[in-house]
Amino acid sequence: MSAFNDYNFRDQKALVRVDFNVPLDAGFNITDDNRMRAAIPTIKKIINDGGKVILMSHLGRPKDGPTDKYSLKHLVHHLSELLGGATVLFANDCVGEQAYLTASMMRPGEVLLLENLRFYKQEEKGDKDFAEKLSKLGDVWVNDAFGTAHRAHASTAVIAQFFPKEKRFFGLLMEAEVASAEKVMHQSEKPFVAIIGGAKVSDKILIIENLLARATDIIIGGGMAYTFMRATGGHTGSSLCEEDRLQTALDILKKAEEKGVCIHLPSDSIIADKFAADAETSTAPSHEIPDGWMGLDIGPMATEQFCNVIKRSKTILWNGPMGVFEMEKFRHGTVAVAAAIADATQKGSFSLVGGGDSVAAVNQFHFADKVSYVSTGGGAMLEYFEGKELPGIAAVKS
């Protein structure tokens, strides 16, 4: 049931918060348009209804007001192409006379892209007056920016109070993100494996602790695995290790045992004599890495062990790579895990990939269309799985 799909936007000005924070090269060419593509179904639905679409977004981190480098005008032509040649107007401000006048003169089926919201410091401060000024541009408010849902900014949350509940919507992207996340956290079919990777335990403590109440298995890979190895008495050479988190790692292992959750650590590792693409490599037990060597990927035994756990799971959450997959010598573990997730998905499991590096990996190795859902929101997805209430979601639901 989609409230957004059920609503008829005919003759309505839909003020849509999108996440068009896309990377641009020196010539202002878009180098990755996935975030723009993700919003296209929402925009097209409104256009097809005979509505008018007013898009607001941020781009980059401008420090001192309007800057050409961070202007959304660079996105207009490509947005029109993505919309099959639809008319895309541009306002050189996100509030003010020109924006209001252009919005008032729009015809059904047209799209207006407002200038960068973060040219105003009031946006990130969640300023109520600024939010009210933005609200005057639309008849309805649609939040389709999951990537910013964890921020209580003027356009992502504060603005909601200026629209009645029946005029606030998740866009199609947000609906899909929220539905997928809720399926994993609240409707997960067991066995449920959470695959947590990345460099630091400190970055993932909250998500691991929250998952202990839900998952049957937690796989830990990446640099953070060596903090666990060291905590349990292992020798990890010069592998990444957070010395101040050794007790945290032991606490997590104890809580998991108490709750009957199986923590899987890599039994062996691909080790290197330096952090470099041309490093000498070898294989070693993860708790017996020689001095001067570091673990940069899970080893063949760990890969087989992890893949077996994944393939018997009915619900799979992946957040973080197994190694330094950017280097060819240390990508095998991450690729194997991605392939195992794809295989389990094909056989009926539900799989959700969230977090910047995991998403980059499934895209790079062409597994994105072989898993159930790939989240567009790195920080937002992480905070959701930490058990936090996201302002951008609460603003629509409240």
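The values are calculated or read from the model by the stated rules, or taken from the named source; none is laboratory data. Here the structure is a predicted model, which means the values were calculated and not measured. Positions of Cβ are backbone-derived with ideal geometry, glycine not excepted, and every protein chain shown enters the neighbour counts.
Identify all residues within the stretch 105-127 that are over 22 Å from His77 (Cα atoms) and not in a loop (DSSP other than H, G, I, E, B); write none if there are none.
Lys121, Gln122, Glu123, Glu124, Lys125
Exactly one residue out of Asp19, Asp11 is touching a residue at least 60 places away in the same chain (Cβ under 8 Å), farther than 21 Å from Ala179 by Cβ and not polar (S, T, N, Q): that is Asp11. Of everything listed in (1) of a type in the set (Ser, Thr, Tyr); (2) closer than 21 Å to Glu383 by Cβ; (3) in contact with a Cys (Cβ under 9 Å, 6 or more places away or on another chain), the single unmet condition for Ser188 is (3).
Of all residues in the stretch 36-52, those satisfying the criterion of being charged (D, E, K, R) and either surrounded by 16 or more Cβ atoms within 10 Å (Cβ to Cβ) or not in a helix (DSSP H, G or I) (or both) are Lys44, Lys45, Asp49, Lys52. Considering each residue of the stretch 171-181 in turn, none proves to be surrounded by fewer than 17 Cβ atoms within 10 Å (Cβ to Cβ), part of a helix (DSSP H, G or I) and of a type in the set (D, E, K, R).
So which of Ile208, Ile218 ends up being assigned to a strand (DSSP E or B) and not assigned by TED's automatic domain parsing to the domain that holds Lys44?
Details: Ile208 fails: assigned to a strand (DSSP E or B).
Of the residues listed, the single one that is assigned to a strand (DSSP E or B) and not assigned by TED's automatic domain parsing to the domain that holds Lys44 is Ile218.
Is at least one residue of the stretch 104-111 within 21 Å of Ala39 (Cβ to Cβ), hydroxyl-bearing (Ser, Thr, Tyr) and exposed (fewer than 15 other Cβ atoms within 10 Å of the Cβ)? Checked the stretch 104-111: no residue is within 21 Å of Ala39 (Cβ to Cβ), hydroxyl-bearing (Ser, Thr, Tyr) and exposed (fewer than 15 other Cβ atoms within 10 Å of the Cβ).
Among the residues of the stretch 245-287, the ones that are in a helix (DSSP H, G or I), over 17 Å from Thr216 (Cβ atoms) and under 27 Å from the mean Cα position of the chain (by Cα) come to 3 in all.
Identify all residues within the stretch 86-103 that are surrounded by fewer than 17 Cβ atoms within 10 Å (Cβ to Cβ) and part of a helix (DSSP H, G or I); write none if there are none. If the condition is that a residue be surrounded by fewer than 17 Cβ atoms within 10 Å (Cβ to Cβ) and part of a helix (DSSP H, G or I), then Glu97, Gln98, Tyr100, Leu101 are the ones that fit.
Report yes if Ala99 is modelled with pLDDT of 95 or more and in contact with a strand residue (DSSP E or B) (Cβ under 9 Å, 6 or more places away or on another chain), otherwise no.
Yes: the conditions hold for Ala99.
Could you go through the stretch 8-19 and let me know if any residue there is under 22 Å from Ala368 (Cβ atoms), buried (at least 17 other Cβ atoms within 10 Å of the Cβ) and of a type in the set (Asp, Glu). There is at least one residue in the stretch 8-19 that is under 22 Å from Ala368 (Cβ atoms), buried (at least 17 other Cβ atoms within 10 Å of the Cβ) and of a type in the set (Asp, Glu).
Restricting attention to the stretch 57-85, which residues are assigned to a loop (DSSP other than H, G, I, E, B), in contact (Cβ under 8 Å) with a residue 40 or more places away in the chain and not β-branched (Val, Ile, Thr)? Answer for the stretch 57-85, where residues must be assigned to a loop (DSSP other than H, G, I, E, B), in contact (Cβ under 8 Å) with a residue 40 or more places away in the chain and not β-branched (Val, Ile, Thr): Ser57, His58, Leu59, Gly60, Arg61, Pro62, Gly65, Pro66, Ser71, Leu83. The set of residues from the stretch 221-236 being assigned to a loop (DSSP other than H, G, I, E, B) and of a type in the set (A, V, I, L, M) comprises just one member, Met224.
Only residues that are part of a loop (DSSP other than H, G, I, E, B), surrounded by 24 or more Cβ atoms within 10 Å (Cβ to Cβ) and either of a type in the set (A, V, I, L, M) or not assigned by TED's automatic domain parsing to the domain that holds Asp49 (or both) were counted in the stretch 131-160, giving 4. Looking at Thr345, Thr315, just one residue is in the same structural domain as Glu280 (by TED's automatic domain parsing), closer than 20 Å to Glu182 by Cβ and in contact (Cβ under 8 Å) with a residue 40 or more places away in the chain, and that residue is Thr315. Among the residues making up the stretch 217-259, those that are among the β-branched types (Val, Ile, Thr) and either in contact with a Phe, Trp or Tyr (Cβ under 7 Å, 6 or more places away or on another chain) or surrounded by 22 or more Cβ atoms within 10 Å (Cβ to Cβ) (or both) are Ile218, Ile219, Ile220, Thr227, Thr236, Ile252. Just name the residue that is nearest to the chain's Cα centre (by Cα) out of those in the stretch 338-367 that are assigned to a helix (DSSP H, G or I) and farther than 18 Å from Cys307 by Cα. Restricting to residues being assigned to a helix (DSSP H, G or I) and farther than 18 Å from Cys307 by Cα, the top hit is Gly356.
For Val193, the conditions (1) in the same structural domain as Leu352 (by TED's automatic domain parsing); (2) more than 16 Å from the chain's Cα centre (by Cα); (3) surrounded by fewer than 24 Cβ atoms within 10 Å (Cβ to Cβ) all hold with the exception of (3).
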